Amino acid sequence: MDSLSAVSEELAEIDGQIADIFRALSNGFQKLDKIKDVNRQSRQLEELIGKMRECKRLIKEFDREVKAMERRTNANTHRMLSEKKQSMVKELNSYVALKKRYQSNLESNKRVDLFDGPNEGFSEDNDMLASDMTNQQLMDKGYQMMDETDQAINRAKKVVQETVDVGTETAATLKAQTEQMSRIVNDLDSIHFSIQKASKLVKEFGRQVATDKCIMALLFLIVTGIIAIIIVKFVNPNNKEIRDIPGLAPPAMNRRLLWTPY
């Protein structure tokens, strides 16, 4: 812990949290050995699985921090951090193996409990009373035990059928959700295509508007220039610096002078 504190406070904090989880996992599995009730064992195991998930998340966070600091640390420090991460992963894997073993035992115990039914706790009494029973009583007792066994088998079949039904409903729900997601993706693709097409149309319209504005401005300048030349010609007809506009008739005064008789 001290060496990690010298490298990074965040790494030291994550290492402390992981160490706390490992201690909790060790104590939890020790308690699990002492629990006899199957339901309590299942709940205890679920809590331990939650702690292992949290530990896995912290190890990934530790690895991200180590990779982020790789350029700022020397080779020895980086090797020490990598070995630390590997030891964490190894210890977590050992608890994962324990979890799998306990899960297998719990499933076996649940299958045994499923077939136990009402016969549990009566075998000793039956052995004690068998010597006092007549043949008819023994046959009746045998038939009763067969009926109880048939009931246990029927309960098992019912549980299996319910499991199959739940699996079928889940598969149907997943299929419907998958189809819905496919439709949503297709709709999003259509919307994206429409947005791209609309964006192109807007750009083309903008370029067309800009071109039309340039043409209008040029025409306005040409018309303004022509009007200015015409005004100047009429105001000062003797100004020779301004040439006549082709197609435009000369001022009226000049025409009178040209047709004046000698």
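Would you mind stating whether G121 is at pLDDT below 80 and within 30 Å of I35 (Cβ to Cβ)?
So G121 fits the description; yes.
Residues of region 133-167 being more than 50 Å from the chain's Cα centre (by Cα) and among the polar types (S, T, N, Q), which ones?
T134, N135, Q136, Q137, Q144
Just to be sure I understand, how many residues within region 9-26 are farther than 19 Å from K56 by Cβ and out of contact with any Ser or Thr (no Cβ under 9 Å at 6 or more places or on another chain)?
Looking only at that region, the number is 1.
Where the second residue is at pLDDT below 65 and open to solvent by less than 100 Å² (accessible area, probe 1.4 Å) and the first is of a type in the set (K, R) and lies in region 230-241, which pairs have Cβ atoms under 7 Å and are six or more apart or on separate chains?
Short answer, once both residue conditions are applied: K233/I242; K233/P251.
Yes/no per residue for (1) at pLDDT 85 or above; (2) in a helix (DSSP H, G or I); (3) under 29 Å from N105 (Cβ atoms); (4) under 27 Å from the mean Cα position of the chain (by Cα):
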| residue | (1), (2), (3), (4) |
| --- | --- |
| E13 | yes, yes, no, no |
| Q17 | yes, yes, no, yes |
| D20 | yes, yes, yes, no |
| A24 | yes, yes, yes, no |
| D33 | no, yes, yes, no |
| L48 | yes, yes, yes, yes |
| M52 | yes, yes, yes, yes |
| D63 | yes, yes, no, yes |
| Q86 | yes, yes, no, no |
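Could you tell me which residue of region 35-46 is nearest to V89 (Cα to Cα), considering only residues that are under 30 Å from the mean Cα position of the chain (by Cα) and loosely packed, with under 13 Cβ neighbours inside 10 Å?
Per the criteria, the residue is E46.
The values are calculated or read from the model by the stated rules, or taken from the named source; none is laboratory data. In this text, all values refer to a predicted model and were calculated from it rather than measured experimentally. Quick reminder, even Gly has a Cβ in these numbers, built from the backbone with ideal geometry, and neighbours come from all protein chains shown. Heads up: the accessible areas ignore ligands, DNA and RNA and are worked out on the full protein's heavy atoms, side chains in. Shrake-Rupley method; radii C 1.70, N 1.55, O 1.52, S 1.80 Å.
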